[in-house]
Amino acid sequence: MNTKSIWRQCIQSETARIAFIAILTALTGELKIMPFAEETFRFALGGIMFFLLILIYPPASILRTGFITATTVVLFRVTGELLVGVELLEALRMHVPVFLFYFISALGWHIVGLEKYKSFSLSLGALAFLFEVVSNTSEHALRNWWMNGPMLGLKEWGILVGVALLRSFFTVGLYSSVALSKEKQRNGEMLGVGSELYAEALYLQKSMNHMEQIMASSHELYRKLKKENIPDLSTQALQITQEIHEVKKDSQRILAGLSKWTSRQNITTFYLSDLLEIVVSANEKYSEMIGRNCTIETSLKNDLQTDQHVPLLAVLNNLTSNSVEAIDKQGQVTIEVDSGTKWVRFCVKDTGKGIPPEHEEIIFEPGYTTKFNEQGVAATGIGLSHVLAIVEAMQGEINVESIKNGLIICVKIPMESMMKET
């Protein structure tokens, strides 16, 4: 089990999650600024860290997490004071008030419901600002009451409010960037799966058409055999027809499920630049996995939106992964996208071993392959036939060109098949 897996399991445990939030908050709380002269009150990184952690790793109970975190911070700071010779009572008077800061913040989020506001940055920041001001004021008031210190003046109030505003919206902005990055990664992964399923669904549809033809031929054979009064063979032909029919019905059920899944996309349109980014990211990882030192570059002259991101991703991923596999040890893959008024052209070029010119006409036939494993067993050779089926379904064209060092495959898709339907 790798470190990332262990870390994920730890965070998934509620007890471990609360302990992690409490300890990290206590540690970062020592990175501080003390704005008011001769006072223990501080603006520390711990408040930002606590808010950020309950946003990214939301605990089951924010109130319990706030209580445990507040207690941990107090114990941590009191212990630190004791180690440098401060008396216990004095240390408690200085640092117990910080309990109010974390607990009141947690209480506020518990009452309003943090999860409801995560998607609304402005409201989230405003509430964080409110809780920060209330909790900071409560901490300062309790400490000054215990230690007979002066209350905040107008200048000090201005500093407190200004810092609260800055910290609250800074944390919300930081969380939004993290959430956006996670969402983008999740969308990329879902599109990758969706594109693969789309290709398989298209190939399954093609197989079902073949089944229909075979079933019709088998039934015609049954009728001829029955007419010629050959009962044994006619019965056998009828059984074969019925079995093919059952296989076809099973395939229809599978196809219905695949089609429903691939059509259920949260994102209705996608920019080509984002699509290329997903293709590059996925195939750079694939290149590392199969031991290739491969550089993948892109060239996009005109960016545009499309609602055909699933089939396009299936085509580009397949062509790019083939190019990566064609490279011996080290090389380069270039993806070029150009568009005009009627067409969008995608070209995938590699510096791999290429194919013989006489094979250019047959590489899209099912079964054609140049890939063999260590035992010399050929691959299935259906990837490019998938690509051809998708391109044809989009009323497009595909061309292959062998070059001195490598191969270029270009796909042209009509603009009307690319643009979002209105």
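Checking the cross-link pairs K285/K342; K301/K349; K349/K412 against a 23 Å limit on the alpha carbon distance flags K285/K342 as lying beyond it.
Note on region 274-366: antiparallel DSSP beta bridges, both residues inside, total approximately 45 percent of the bridges counted.
With a Förster radius of 41 Å applied to the C-beta separation of S217 and I290, the computed FRET efficiency comes to 0.45. Between K155 and S121, the modelled label-to-label distance comes to 3.5 nm, taking each label 7 Å out from Cα in the direction of the beta carbon. Within the full protein context, the accessible area of K342 is estimated at about 150 Å² for a probe radius of 1.4 Å.
In this simple spin-label model, placing a label point 7 Å from the Cα along the Cα-to-Cβ direction at both E392 and I56 gives a separation of 5.0 nm. Sequence-ordered 3J(HN,Hα) estimates for region 231-244 from the Karplus curve with 6.51, -1.76 and 1.60 and θ = phi - 60° stand at x, 4, 6, 5, 5, 5, 5, 5, 4, 4, 4, 5, 5, 5 Hz, glycine and proline given as x. Once R0 is set to 56 Å, what does the formula 1/(1 + (r/R0)^6) return for the Cβ-Cβ distance between S138 and E243, expressed as a FRET efficiency to the nearest 0.05? It comes out at approximately 0.15.
The Cβ shell under 14 Å around I68 holds other residues with a net charge of +1, Lys and Arg each +1, Asp and Glu each -1. A Förster radius of 25 Å combined with the Cβ-Cβ distance from K342 to T298 puts the calculated FRET efficiency at roughly 0.65. Full extension of the chain segment joining L180 with E87 gains 28.7 nm, where the gain is 0.36 nm per residue of separation less the Cα-Cα distance.
The values are calculated or read from the model by the stated rules, or taken from the named source; none is laboratory data. This structure is a prediction, so every number in the text was calculated from the model and none was measured. Positions of Cβ are backbone-derived with ideal geometry, glycine not excepted, and every protein chain shown enters the neighbour counts. Note: accessible area is taken over every heavy atom of the protein model, side chains too, but ligands, DNA and RNA are not part of it. Shrake-Rupley method; radii C 1.70, N 1.55, O 1.52, S 1.80 Å.
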